[in-house]
C-alpha cells in the first residue's frame, strides 16, 4: 500500500471553482482500480494551498491512474486554476 500527497497552489479567485472540480474527481476516484481512500486539505497558513492525500493499493495502481486519460483530462481543466505545477510525493509505510 502507498500514500500519495499532491500539493497545489491555486490562483486568486479559483478556490471555489477548484473545490467543485475536485469533489467530482474524488467521487470518480472511488471506482478507480486500486484506489482506497482520499481526503482534501487546505493549508491553514496559506488559503490558496491545497493538499490531496490518497491511499492506493500499490504503486502500479497509482501509476496507472497517474498516466490515465481521465486524470489527464482533469488536469487540463485544473491547470488554468493553478499557479505552477502540482508537487507529488509518493510514500510507503
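The values are calculated or read from the model by the stated rules, or taken from the named source; none is laboratory data. Quick caveat: nothing in here was measured; it's all calculated off a predicted structure. Backbone-built Cβ (ideal geometry, glycine too); neighbour counts: all protein chains shown.
Yes or no, residue by residue, for (1) surrounded by 12 or more Cβ atoms within 10 Å (Cβ to Cβ); (2) closer than 17 Å to residue 17 by Cα:
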residue: 48; (1), (2): yes, yes
residue: 56; (1), (2): yes, no
residue: 59; (1), (2): yes, no
residue: 62; (1), (2): yes, no
residue: 65; (1), (2): yes, no
residue: 75; (1), (2): yes, yes
residue: 82; (1), (2): yes, yes
residue: 85; (1), (2): no, no
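Which residue, of 71, 8, is touching a helix residue (DSSP H, G or I) at 6+ places or on another chain (Cβ under 8 Å), over 17 Å from residue 92 (Cα atoms) and assigned to a strand (DSSP E or B)?
Exactly one residue qualifies, and that residue is 8.
In segment 15-29, what residues are under 20 Å from residue 72 (Cβ atoms) and touching a strand residue (DSSP E or B) at 6+ places or on another chain (Cβ under 8 Å)?
Step one: list which residues in segment 15-29 are under 20 Å from residue 72 (Cβ atoms), which gives 17-18, 20-29.
The answer is 18, 22, 26, 29.
Please list, ordered by first then second residue, the pairs with beta carbon atoms under 7 Å, 6 or more apart or interchain, first in segment 51-80 and within 22 Å of residue 2 (Cα to Cα), second loosely packed, with under 12 Cβ neighbours inside 10 Å.
53/39; 61/33
What number of residues within segment 23-50 satisfy the criterion of being touching a residue at least 40 places away in the same chain (Cβ under 8 Å) and under 15 Å from residue 86 (Cβ atoms)?
Our first condition is that a residue be touching a residue at least 40 places away in the same chain (Cβ under 8 Å); within segment 23-50, this holds for 25, 28, 49-50.
Add one more test, that the residue is under 15 Å from residue 86 (Cβ atoms), and what stays is 25, 49-50.
Going through segment 23-50 one residue at a time, the tally reaches 3.
Which members of segment 24-52 meet the condition of being in a loop (DSSP other than H, G, I, E, B), in contact with a helix residue (DSSP H, G or I) (Cβ under 8 Å, 6 or more places away or on another chain) and at pLDDT below 95? Write out each step before concluding.
Going through segment 24-52, the residues in a loop (DSSP other than H, G, I, E, B) turn out to be 30-34, 44-45.
Restricting the remaining residues to those that are in contact with a helix residue (DSSP H, G or I) (Cβ under 8 Å, 6 or more places away or on another chain) gives 32-34.
Residues satisfying the conditions are 32, 33.
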